[in-house]
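Read the structure below first, then the notes.
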Amino acid sequence: MTISKTMKAAVLHAPGDLRVEEVQAPQLGADDVLVKVAACGVCGSDVPRILTTGTYHFPTIPGHEFSGVVAEAGKNSGDLLNKNVAVIPLIPCRQCYACSIGEFAQCKQYDFLGSRSDGGFAEYVKVPARNVLVLPEGIPAYVGSLLEPVTVALHAIQSNAVKHLDSVAVFGLGAIGNFVAQWARVIGAKVYAIDVIPEKVQIARETGLKDAVCSKDMDIVSYVKDATNGRGVDVAFDASGSSFAISQALKMLRPFGKMGLLGRVNSKMTLDEADFEKILRGQLTINGTWSFEMGDFP
């Protein structure tokens, strides 16, 4: 494949200043591949990154949820040429302590495509060869672009040890919350998928979450408690970043239950005395979840 020296890309010059421009195509190192982008998602984090908070430097090409075809390969990566791939956007340093134990998301010197380095809102992206996953034949490009958010959700499920026949509540049915609920459903848990926006609840129902509930005008804690015969849920997840949702989730947890936090916060968080007492008396476990699992360790 002949690669042009220039390409089209959506380039962020400042918060709120995203321009489609002709830019230089990336130059590869020996261990890199050039991915011709076939599909790129818009993450919930991309919206404030592009509109308000910005990236780590300017100009930057955003986009970290993407897949495509390897159009060119460095001299050490030729076996990937023409392969359909999904891209792992996190590039760890592989030198620090966190990297040495396989906790790549905790790397202090990591790079990240779409925020620290140029990402998928472009025709082509330079990617380290070890950061691509070859997709099975017949997998559509848009499915490959969902690999990153799907694995963020899977990390939350695994961190909280969700099991077959558990009862699980998920607050916030954006993409990540929906994926958390879907993983729990696949495992065989009883899932209560909850949001205040009716349209998100409807999407959840259409994608198989039959017990999705709009909590806008109801007492969702009493609803779930009644549905679990007063016991409460084994695991609750918050994918909304809302203090109120977190409070509701804590109230519906059974003793020794687990709370998984993965929603990004955009305002001040508060925790009232009753909820704090519930954590103590119920001996609840609160787990923060960040990014996804990746790498060289089982």
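The values are calculated or read from the model by the stated rules, or taken from the named source; none is laboratory data. Worth saying up front: this structure is predicted, and the values here are computed from it rather than measured. For neighbour counting, all protein chains shown are included, and Cβ atoms are generated from backbone atoms with ideal geometry for every residue, glycine included. Heads up: the accessible areas ignore ligands, DNA and RNA and are worked out on the full protein's heavy atoms, side chains in. Shrake-Rupley method; radii C 1.70, N 1.55, O 1.52, S 1.80 Å.
Surface composition of the chain: carbon and sulfur atoms hold 55% of the protein heavy-atom accessible area at a 1.4 Å probe.
Taking the Cα atoms of the chain, the ratio Rg/Rh between the radius of gyration and the Kirkwood radius comes to 1.01. Surface exposure of the chain, expressed per residue as accessible area with a 1.4 Å probe, stands at 51 Å².
Listed by chain and number, the lysines whose alpha-carbon sits under 16 Å from that of Lys163, ignoring those within fewer than 8 places in the same chain, are Lys190, Lys258. Kindly flag which residue pairs out of Lys225/Lys268; Lys210/Lys251; Lys108/Lys278; Lys108/Lys268; Lys216/Lys268; Lys83/Lys200 have an alpha-carbon separation exceeding 30 Å in this structure. Exceeds cut-off: Lys108/Lys278; Lys83/Lys200. In summary, no helical segment of the chain meets the span-like criteria, namely a full DSSP H run, a Cα extent along the axis of 15 angstrom or more and a mean Kyte-Doolittle hydropathy of at least 1.6. For region 161-195 and region 40-64, compute the distance between their C-alpha centroids and round to whole Å. Comparing the Cα centres of region 161-195 and region 40-64, I get a distance of 28 Å. With helices as the sole contributors, the chain gives -6500 deg cm²/dmol at 222 nm; each DSSP H run of n ≥ 4 counts as -39500 (n - 2.57), and the sum is divided by every residue. Taking a straight line from the alpha carbon of Lys8, these lysines sit under 17 Å away, with near neighbours fewer than eight places off in the same chain left out: Lys36, Lys126. Here's the list of aspartates and glutamates a cross-link from Lys75 could span, going by alpha-carbon distance under 14 Å and ignoring same-chain residues fewer than 8 apart: Asp31, Asp32.
If you plug the beta carbon distance of Ile279 and Leu133 into 1/(1 + (r/R0)^6) with R0 = 41 Å, you get a FRET efficiency near 0.60. For region 73-115, the list of trypsin sites (Lys or Arg not before Pro) that fall in a loop by DSSP and count at most 11 other C-beta atoms within 10 angstrom reads Lys75, Lys108.
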